[in-house]
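Worksheet: one structure, shown below.
Read-outs: derived from the displayed coordinates by stated rules, not from any lab. Since this is a predicted model, take the numbers as computed values, not measurements. Here Cβ is always computed from backbone atoms with ideal geometry, including for glycine, and neighbour counts include all displayed protein chains.
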Amino acid sequence: MTAQQKLYEGKAKILYTTDDPDILLTYFKDDATAFNAQKRGSIQGKGAVNCAISSHLFRQLEAKGIPTHFIDQPGTNEMRVRTVKILPLEVVVRNIAAGSLCKQTGLALGTPISPPLVEFYYKNDDLGDPLLTRDRLLLMRLATAEQVEQLQSMALRINEILIDFFQHCGITLVDFKLEFGLDAEQKIILADEISPDTCRLWDQSETDPARRVMDKDRFRQDLGEVESAYQRVMQRVLANPVSL
Ligand code: UDP
């Protein structure tokens, strides 16, 4: 199976068609952006690291019964995925207050959130990915009421599985972003990636707020040692086998 045409180039990945219309090839790039692409840079080796982490986490989620677009990882930066129609939504799950939640609510960084919060954002760069209410989401016909319920319950189940997995890695899952797609039968399938670009991950062996950060906040906030933090996440994730 070889990559054919470039279908789409995003900020962190390139999507290629293959000789099978049901299968696409994702290439993970080293490019990094933040703040709606106002900050740009490159994190050396990030593509390979995020591809390996995402592949492992998708395998883990599949083993636990979550349908994902993941097929296999044919190369260090390459993932074969099932073709889906991506819903223009970013589904964010939060276990601990950080980032935009702190900015918008005044909650202190590190405040535990129980039960976890599920939020929907409109994936639209021109509008700055705004936070949506459920009613706005329905008004805009971005999903049906039934799909919203399903997205919410899938996101919470994925959260449980990932919290548990990262716990074995000595990592606290603070928050993360998911994207979903619809397959040919209109079934909802987890898509995109799950990596230090899309999750906030805190090292449980560090108490210092700057040292514990193992994710893209190191890039966003110029904390340094970005590459090594991503590498450490990968080492710990890959050291924990996929379990049924
Ligand atoms: N996130 C993401 N892509 C986005 C926006 C957010 O992957 O376009 C992730 C982010 O890395 C974090 C979570 O979603 O793990 C919540 O992000 P938040 O809303 O706090 O926004 P931020 O502080 O990143 O602007």
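Computed values, structure above
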{"quantity": "C-alpha center-to-center spacing [segment 70-115, segment 165-213] in angstrom", "calculated": "6"}
{"quantity": "DSSP H segments from the chain that extend 27 Å or more along their own axis, Cα-based, with Kyte-Doolittle mean of -0.5 or above", "calculated": "145-168"}
{"quantity": "Relative contact order of segment 22-100, defined on C-alpha pairs under 8 angstrom at six or more residues apart (%)", "calculated": "32"}
{"quantity": "Total formal charge among the other residues, if their Cβ is under 10 angstrom from that of K11, Lys/Arg +1 and Asp/Glu -1", "calculated": "-1"}
{"quantity": "For peptides 85-93, 128-136, sequence by mean Cβ density within 10 Å, most packed first", "calculated": "85-93, 128-136"}
{"quantity": "Ranked by how many other beta carbons lie within 10 Å on average, peptides 163-175, 32-44 from highest", "calculated": "163-175, 32-44"}
{"quantity": "Projected area averaged over orientations for the chain, convex hull of C-alpha atoms, nm²", "calculated": "13.0"}
{"quantity": "Estimated dipole of the chain in Debye, rounded to 20 [Cβ of Lys and Arg +1, of Asp and Glu -1, Cα centre]", "calculated": "340"}
{"quantity": "Value of relative contact order over the chain, rounded to a whole percent, pairs C-alpha under 8 Å and six or more apart", "calculated": "19"}
{"quantity": "Diffusion constant of segment 1-76 at 4 °C, which comes from Stokes-Einstein with the Kirkwood Cα-pair radius and 1.567 mPa s, µm²/s", "calculated": "95"}
{"quantity": "Point-to-point label distance, T2-A37, nm (Cα→Cβ direction, 7 Å offset)", "calculated": "3.0"}
{"quantity": "Dipole of segment 10-153, positive end: most advanced residue of I113, V148, G45 [Cβ charges, Cα centre]", "calculated": "I113"}
{"quantity": "Test item: Cα-centred dipole of segment 150-196, Lys/Arg +1 and Asp/Glu -1 on Cβ, debye", "calculated": "100"}
{"quantity": "Sorted peptide list for 113-122, 204-213, 74-83, criterion being average Cβ within 10 angstrom, highest first", "calculated": "74-83, 113-122, 204-213"}
{"quantity": "Farthest toward positive dipole pole in the chain [+1 Lys/Arg, -1 Asp/Glu at C-beta], among C169, G99, Y27", "calculated": "G99"}
